[in-house]
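The values are calculated or read from the model by the stated rules, or taken from the named source; none is laboratory data. Note that the structure is predicted; figures quoted are calculated from it, not measured. Glycine gets a Cβ as well: all are built from the backbone with ideal geometry, and neighbour counts include every protein chain shown. Ligands, DNA and RNA are excluded from the accessible area calculation, which covers all protein heavy atoms including side chains. Shrake-Rupley method; radii C 1.70, N 1.55, O 1.52, S 1.80 Å.
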Amino acid sequence: MKKWLKLSLWVVFIVLVGIQFVPVQRNEIKLATSSDFIEKYQPPVKIGNMLRSSCYDCHSNQTTYPWYSNIQPIRYLMEKHIREGKDELNLSEFGNQSNRMKRIKFKSILSQIDDDKMPMSSYLFLHSEAKLDSSKKARLVKYFDSLVVDIEKEKFK
C-alpha cells in the first residue's frame with residue numbers, strides 16, 4: 001500500500017511540474033485606444049480609478065497580472081475568467097458598440113453592482129482594494145444612471 005501511495009505522490013508531483021510548461025495565451029496588454037470606456041467617456045478621476053481597480057483586470061485588454069498568475073493551474077483559471085469576463089463586457093472596446101448595446105450593458109453593470117455580483121468574491125479574496133463599499137457603489141450607480149439617461153435622450157433626438 002505504501003508503494004502505491006509513494007508512486008501516486010510522484011505522479012502528482014511530475015504532473016504539477018509538467019503543466020508549468022504548458023503555454024496559456026495571456027490577455028493582451030494594450031494601451032488604451034479611443035474606443036476604451038475611460039478614454040471615450042472621460043469619467044471623473046475617482047470613477048475611473050474605481051473602474052480600473054475593480055473592473056479592468058477582467059473586463060479589458062489591460063490586465064495587470066499578479067505574481068501567482070505564472071503558476072499553473074492558477075494561470076489557466078485566471079485566463080478562463082478573463083476570457084469569460086471580456087466576452088460579457090470588454091471596456092477596452094466599449095466605444096465600438098451601438099447605443100442600444102451600450103444602454104443594455106450600462107443596465108447590466110448597474111444590476112451587477114446592485115446585486116454585489118461584481119467584482120467577484122474570488123477576485124476580492126486577493127484584491128481587497130477592488131471592493132466596492134456602499135459609498136463607492138452609490139457613486140458608480142449615480143454615474144452609470146446618468147449615462148443611461150444620456151443615451152436614452154440621444155434615442156429621441
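The table below lists the values:
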quantity: Residue list for the range 36-70, restricted to those being open to solvent by 70 Å² or more (accessible area, probe 1.4 Å) and modelled with pLDDT under 90; calculated: T64, W67, N70
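Each row is one residue, and each column tells you yes or no for (1) without any contact (Cβ under 8 Å) to a residue 40 or more places away in the chain; (2) open to solvent by 60 Å² or more (accessible area, probe 1.4 Å); (3) hydrophobic (A, V, I, L, M, F, W, C).
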| site | (1), (2), (3) |
| --- | --- |
| S92 | no, no, no |
| G95 | no, no, no |
| L110 | yes, no, yes |
| I113 | yes, no, yes |
| S121 | yes, yes, no |
| K142 | yes, yes, no |
